[in-house]
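I have placed the structure first, in the form of structure tokens, so that the comments after it can refer back to it.
The values are calculated or read from the model by the stated rules, or taken from the named source; none is laboratory data. Computed from a predicted structure; not experimentally measured. Note: areas computed on protein heavy atoms with side chains; ligands, DNA, RNA excluded. Shrake-Rupley method; radii C 1.70, N 1.55, O 1.52, S 1.80 Å.
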Amino acid sequence: MSAVISNNNNAAAPKSAQRSEGVWSAAWRRLRSDKVGMVSMVIVGFFLLLVFASSTGLIAKNWQKEVGVPNAPPTFVGPAPAEANSVLAAPKGPNVDLSDIDPLAPKYAEWEERAKTYKTEVIVKAETLPLGGDRLGRDVLSKVIKGAEVSILVGVLAAVVATIIGTVLGALSGFFGGKVGDFLEWVYNVFTAIPSILLIFAFAVIFGRGVLSVVMILGLAGWTGIYRLIRAEFMKHSVREYVRSAEAIGASKFSRMFKHILPNVSHVALVQLSLHVVSFIKSEVILSYLGLGVGVDQVSWGTMLSESQSELILGYWWQLAAVTAVMAVFVTAFALFTDALRDALDPKLRGLE
């Protein structure tokens, strides 16, 4: 009888010893069940691969090369009418004798013979391009890919900067409180008292143009929302039992902040990071459109929109259509992926809150 009981206990032991599902594995399981979120993640991943390939020079490295005629139409539209790019033909007939009034006239024949000894390379430019060409004949498709590299890189880096600033300041304010919290609240109120667009323009005047400048402008102007959320989470978690237990065994304040509390509120920072990527991409487009973004030797979705404004007046719509469509696809996919990620990481769905 005792042997039977022992065998039953041994059989039940593995079940009780099974580990519960982790936070990240549960989040991944919920994310996989969201079809819209998975499709959006695939689209976002495709754009990130384009950015990587463009930054390494695998594609779109010759985006500045004039490979087509000016304002070349898209391939599916067909070439422009011949008269659109025609050049006035020179009048035919014998040359007029100007030797009496032009002292250089005797040299013309000699110079013409010398000119025949030189070969001029004629570059044949395409009449149409896959998504059309701009006013200089540059390929719009290559410009869209290179612009995606700059705009997405700016959005991601600026969101990282804003998330780091907001998380660190929110953690300090929420955990310590007192004078530290009052001072950081005063800094927060100063930043939020100024309209965000004016704050961005003020930083733009200070930092000037360029990719790193735009990253710093958006990062310094966009941390306030993250700060408030992280501060509230740290105030809530700092009085919970697991933090009190860590304090009882001698854990330092910074250990409790960043080793115990921060992992439990990281989902808030991660979701805010993804939300700010979309917001900062839109802000970069606006800054570049107004001439306060990237430099003149670079291209982004904002600079393409600015260029297409004058082209649209002349009836050349393809650059505007291409950059608008690509930007809309990426922003929509990233927003849907962010919603799915927020649902997957929500602690209320895990039964922890």
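When H237, H267 are compared by accessible area of protein heavy atoms, the largest-first order is H267, H237, using a 1.4 Å probe. For the stretch 139-277, relative contact order (Cα pairs under 8 Å, six or more residues apart, normalised by length) works out to 37 percent. For L275, the solvent-accessible surface with a 1.4 Å probe is about 60 Å², rounded to the nearest 10. Taking max minus min of the alpha-carbon positions on each principal axis, the stretch 229-341 gives extents of 73, 29, 18 Å, largest first. For the stretch 132-266, the percent of C-alpha pairs falling in each 5 Å distance bin, counted from 0 to the bin holding the largest distance, reads 2, 10, 15, 16, 14, 12, 10, 7, 5, 4, 3, 2, 1, 0, 0. Pairs exceeding 22 Å between alpha-carbon atoms, taken from K236/K282; K146/K282; K65/K282; K35/K146: K236/K282; K65/K282; K35/K146. Measuring between their Cα centroids, the stretch 320-343 and the stretch 227-293 lie 24 Å from each other.
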